[in-house]
Amino acid sequence: MSPRRELPADPVVRQLIQQARSWQLGRRGFLTGAGASAAALALAACAPTSTEPPAAAEDESATDKTLNWANWPAYIDEDDAGDYPTLVAFEEQTGIKVNYLVDVDDNNTYYAKVRDQLALGQDIGADTVCLTEWMVARLVRFGYVQDLDESKIPNKKNLTPSLADPDFDPGRAKSLPWQGGFGGICWNKEVFPDGLRSVSDLWQPELKGRVGVLSEMRDTLGLIMLENGVDITGDWGSPEFQEAMDLFSEKVDSGQIAAVKGNSYLEDLASGNTLAAICWSGDITVLNAESGDKWEFAIPEAGGTFWNDTFVVPIGSPRKANAEELINYYYEPEVAAQVAAWVNYVTPVVGAKEAMEVIDPELAENQLIFPDDDTLATVHPFRTLTAQEETEFQAEFQKVLLG
């Protein structure tokens, strides 16, 4: 058990951390239990107290043929029996037993659960985890992930060139993308047969108390900023962010927005508690497959967000080589196509489209999996924030959740 740390001097941060200590962090919604979740987010935004990054764990993969993989819900191919066919094939091919953990509902709440262990260089119970790249950038900055051995990932050559050299990890020395996707809007087609076209459509009176939005600040605020005419990839600052925050706060306070959640927003759509939402593209395909073809996804007229969730090996993992073998396997085009056919997210693997033409020619033309230049022109990555901006903007976002 790690030693209890002194609380920071800032009274607001002190209060939030004290709240986080008094609540059990778990997979719960915002606004319903908002104090706990928002406190966890505030805690997650704090920088590590030590300036020295922890040392990487000694690799035991040669004698320990197991692997713990933490990921988001509905984010790998799954059959009717609840098994993961590509993962079963990997286990048979390599002899590595994989414990697949559906542990990530939100980047911040996941980080809050493992932050102290990461800072101490301890095993967090996951040998690889897929988090969104802004969070991966934080882990890289703090020294919380291990270097990848390229000799053990020869299929890295199949990485889409445009993703090969991000500013937070030049040359992808420490990370490789898992899947990408779009932030947009969705709605119940039975209630709104004519559809929705913009974020502003979520604010119509008929939807009061029936709108859900994401707890991922960059998607929810990013879409509002795009609606306001802001280029979220470019040169913007606090005034543009605050304008979007003011609107977001107003819609929460008025009750127009019913819930702010991570991946559990899908439960509200399925139950009918929400009729429209700011959402993630591939989720709606899975929701329709599981609960009836009732929902539709669209990139808003003002544009959508574009993001990637990315493999990293946490600093305390003692099974790095096993994780590298897994990553290499999922960079085989045929395997990537099989996953993409189920999750309906953007695959980062060159050659997967050609493999998909064999599996399902119609899916090979699906713009949510293999977007062409016209589709990519309508979506925009949220620019990388400075450490100060990340702390300040996240605090503003949390204030609304705390009320």
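Here are some notes:
- For region 74-212: relative contact order, % (alpha-carbon pairs under 8 angstrom, 6 or more apart): 11
- The chain shape via C-alpha gyration tensor axes, a/c threshold 1.5: oblate
- Distance between the pseudo-spin-label points of Lys157 and Asp194 (7 Å out from Cα toward the beta carbon): 5.5 nm.
- Computed in the context of the full set of protein chains, the accessible area of the chain at 1.4 Å probe radius has 49% of its extent on carbon or sulfur.
- Long-range amide H partners of Leu176 with built H, under 5 Å: Phe311
- Entry note, the chain: the mean residue ellipticity at 222 nm calculated from DSSP H runs of n ≥ 4, each adding -39500 (n - 2.57), is -11500 deg cm²/dmol after division by the residues and rounding to the nearest 500.
- Set of region 244-280 residues, backbone N closer than 20 Å to the point 7 Å along the Cα-Cβ line of Trp203: 244-261, 275-279
- Based on Cα contacts under 8 Å between residues 6+ apart, the chain shows a relative contact order of 26 percent.
- Taking label positions 7 Å along the Cα-Cβ direction at both Ser291 and Ser271, the computed distance is 1.0 nm, reported to one decimal.
- Within the straight-line cut-off of under 23 Å between alpha carbons, the lysines reachable from Lys399 are Lys113, Lys208, Lys251, Lys261, sequence neighbours fewer than 8 places apart in one chain being disregarded.
- Net charge contributed by nearby residues that have their C-beta within less than 12 Å of Val339 (K/R +1, D/E -1): -4
- Summarised as an ellipsoid, region 349-403 has semi-axes of 39, 13, 11 Å, derived from the eigenvalues of the Cα gyration tensor scaled by 5 and square-rooted, with the largest first.
- Taking the Cα centre of the chain as reference, the dipole from Cβ charges on Lys and Arg (+1) and Asp and Glu (-1) amounts to some 1520 debye.
- Spatially proximal lysines relative to Lys353 (Cα-Cα < 22 Å; intrachain offsets below 8 disregarded): Lys156, Lys157
- For the chain, accessible area per residue (1.4 Å probe, heavy atoms of protein chains only), Å²: 42
- Spin-label zone in region 173-194 - amide nitrogen under 19 Å from a point set 7 Å from the Cα of Ala164 along the C-beta vector: 173-180
- Computed from Cα atoms alone, the Kirkwood hydrodynamic radius reported for region 131-253 is 17.5 Å.
The values are calculated or read from the model by the stated rules, or taken from the named source; none is laboratory data. Since the model is a prediction, treat every value here as computed from it, not as a measurement. Don't worry about glycine lacking a Cβ; one is built from the backbone with ideal geometry, like all the others, and counts go over all protein chains shown. All accessible areas refer to the heavy atoms of the entire protein, side chains included, with ligands and DNA or RNA removed. Shrake-Rupley method; radii C 1.70, N 1.55, O 1.52, S 1.80 Å.
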